[in-house]
Amino acid sequence: MRDASLVNWSSIHHAYGAASDIPALLEKVTKLQREGAFEAFIDLRGKVCHQGVVIGEATSYVLDYLIDIVRSGESPIRVELFKLVENISNASTAWRSAARNASPERRANYSRRISWELAVEDKFVNILSSLELLTADPNPEVRRIAESLVVKHADQSMSE
């Protein structure tokens with residue numbers, strides 16, 4: 001897995017504040033037995049894909065690590081982690097949708113949040129080759145998620 005110390009986590013935020021706790025959560029989902037890893041996963045999921053519908057500033061940074069963990073097969077909850085990646089992909093338009101439905105005087109309040117969504121979409125395009133490798137994974141659920149993400153984000157990369 002890539003070195004989490006390369007990111008200044010305390011300078012970025014997740015749903016509950018500074019993301020300085022993210023490296024420890026990533027380590028726990030990789031190193032702990034299933035029950036402990038799952039507890040860390042629940043915490044991580046709530047912070048980077050809040051309530052399963054919105055993403056935050058730290059989300060795009062976490063994606064590389066999640067893909068590394070899934071590809072390595074080192075986590076006892078790799079399928080759950082990949083489902084989180086899928087959930088992040090599906091949640092990456094919530095702020096734009098809210099902005100469209102907001103009154104004109106409130107739309108500007110969403111610009112920072114929309115930039116987080118765009119960063120996530122860019123990240124998916126950047127990790128497309130890793131996702132393509134996962135389409136040959138022996139686990140059928142991993143293959144299903146990978147295939148779905150490849151189709152979605154390959155279409156995005158072609159439209160840019």
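Each value in this text was obtained by applying a stated rule to the coordinates, not by laboratory testing. Just so it is clear, the model here is predicted, and its values are computed rather than measured. Using ideal geometry, Cβ is built from the backbone for each residue, glycine included, and neighbour counts are taken over all protein chains shown.
May I ask you to compute the full-extension gain from Asn139 to Arg2, defined as 0.36 nm times their residue separation minus their alpha-carbon distance, rounded to one decimal in nm?
47.0 nm
Quick one: 3J(HN,Hα) in Hz for the range 27-42, Karplus 6.51/-1.76/1.60 with θ = phi - 60°, rounded, Gly and Pro as x.
Going residue by residue, I get 5, 5, 5, 9, 9, 7, 5, 3, 4, x, 5, 5, 4, 5, 4, 4 Hz, with x marking Gly and Pro.
Can you tell me the length gained on complete extension of the stretch Arg34 to Leu128, counting 0.36 nm per residue apart and subtracting the Cα distance?
Extra length from Arg34 to Leu128 when fully extended: 31.0 nm.
Calculate one ³J(HN,Hα) per residue across the range 54-67 by plugging θ = phi - 60° into the Karplus curve 6.51 cos²θ - 1.76 cosθ + 1.60, and present them in order as whole Hz with x for glycine and proline.
10, 10, x, 4, 6, 4, 5, 5, 6, 4, 4, 5, 4, 5
Please list the non-local residues whose amide H lies under 5 Å from the amide H of His13, H modeled 1.01 Å from N, same-chain partners needing a gap of 5 or more.
Ala19, Glu57, Ala58
Going by how many other Cβ atoms sit within 10 Å of their own, how do Tyr110, Tyr65, Tyr16 line up, fewest first?
Result, fewest neighbours first: Tyr16, Tyr110, Tyr65.
Most mobile of Ala99, Ala37, Ala119 per a Gaussian network model of the chain (Cα springs, under 10 Å)?
Answer for the Gaussian network model of the chain: Ala99.
Under 21 Å between C-alpha atoms is the cut-off here; go through the chain and count lysine pairs that meet it, provided they're at least eight residues apart or on different chains.
Pairs that pass both the separation and distance tests number 9.
Tell me the angle of helix 140-159 to the major Cα principal axis of the chain, expressed in degrees between 0 and 90 and rounded to the nearest ten.
For 140-159 against the chain, the angle is about 40 degrees.
For each of Phe82, Phe38, count neighbouring Cβ atoms within 10 Å of the residue's Cβ, then give the residues from fewest to most.
If I rank by nearby Cβ atoms, fewest first, I get Phe38, Phe82.
Just one of [x] 45, 20, 13; [y] 22, 21, 16; [z] 25, 20, 13 is semi-axes √(5λ) of the Cα gyration tensor in Å calculated from these coordinates, so which is it?
Identified label for the calculated read-out: [z].
What is the order of Arg143, Arg106, Arg78, fewest Cβ neighbours within 10 Å to most?
Ranked by crowding around the Cβ, least crowded first: Arg106, Arg143, Arg78.
What distance in nm separates the simple spin-label points at Glu74 and Arg106, each placed 7 Å from Cα in the Cβ direction?
The modelled label-to-label distance comes out at 4.4 nm.
With an 8 Å cut-off on Cα pairs and a minimum separation of 6 or more residues, tell me the relative contact order of the chain in percent. Write out the running numbers ahead of the final one.
Working: 203 pairs, mean separation 30.8, N = 160.
Dividing the mean separation by the residue count of the chain yields 19 percent.
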